[in-house]
Amino acid sequence: MTWKPNTSAGSSWLVLLLSAVLEAVWATALGASNGFTEPVAVTIFALALILSMTGLGYAMRGIPISTAYAVWTGIGAALTVTYAMLTGEEAVSAVRLALLAGIVGSVIGLKLVKPPAPRDPVRRETR
């Protein structure tokens, strides 16, 4: 029997979203660290990375790993690109905005679609 902690779905999703924001923070700080030569950026990177991974691990207690990881990476990537576009580090274009909308739409879809019921590994189909 596997122990599963009492984690509500709502708290798992909230922690996952916060962890995804922290993923964007550490990714941006990593870029600003100039090859780990900027102490402030390296410190922000390390703290955000630890908190983001801790939150992702907590969220996976109540959300399937496939969904949690896809949402975490999708939101983190979308926020990282959005921040880069807002600061002028990345070009803004209609195609980029449409692709970002696709990422966000996919993340929302993963939240809304219920995962299929687990298959019984003992029961085998016969033909």
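The values are calculated or read from the model by the stated rules, or taken from the named source; none is laboratory data. All of these numbers come straight from a predicted model, not from anything done at the bench. Note: ideal-geometry Cβ built from the backbone for every residue, glycine included; neighbour counts use all protein chains shown.
Just one of Ala78, Ala68 is of a type in the set (A, V, I, L, M), over 22 Å from Lys114 (Cβ atoms) and either modelled with pLDDT under 95 or surrounded by 15 or more Cβ atoms within 10 Å (Cβ to Cβ) (or both); which is it?
Matching residue, one of Ala78, Ala68: Ala78.
More than 16 Å from Ser19 (Cα to Cα), free of Cβ contacts under 8 Å to residues at least 60 places away in the same chain and surrounded by fewer than 17 Cβ atoms within 10 Å (Cβ to Cβ): does that describe Gly88?
yes
What is the residue count in region 10-56 for residues that are over 11 Å from the mean Cα position of the chain (by Cα) and in a helix (DSSP H, G or I)?
Qualifying residue count for the region: 26.
Among the listed residues Leu100, Leu79, which satisfies the condition of being farther than 24 Å from Thr54 by Cα, out of contact with any Pro (no Cβ under 8 Å at 6 or more places or on another chain) and part of a helix (DSSP H, G or I)?
Criteria check complete, one pass: Leu100.
Return only the number of the condition from (1) among the hydroxyl-bearing types (Ser, Thr, Tyr); (2) modelled with pLDDT under 95; (3) exposed (fewer than 11 other Cβ atoms within 10 Å of the Cβ) that Ser106 does not satisfy.
(3)
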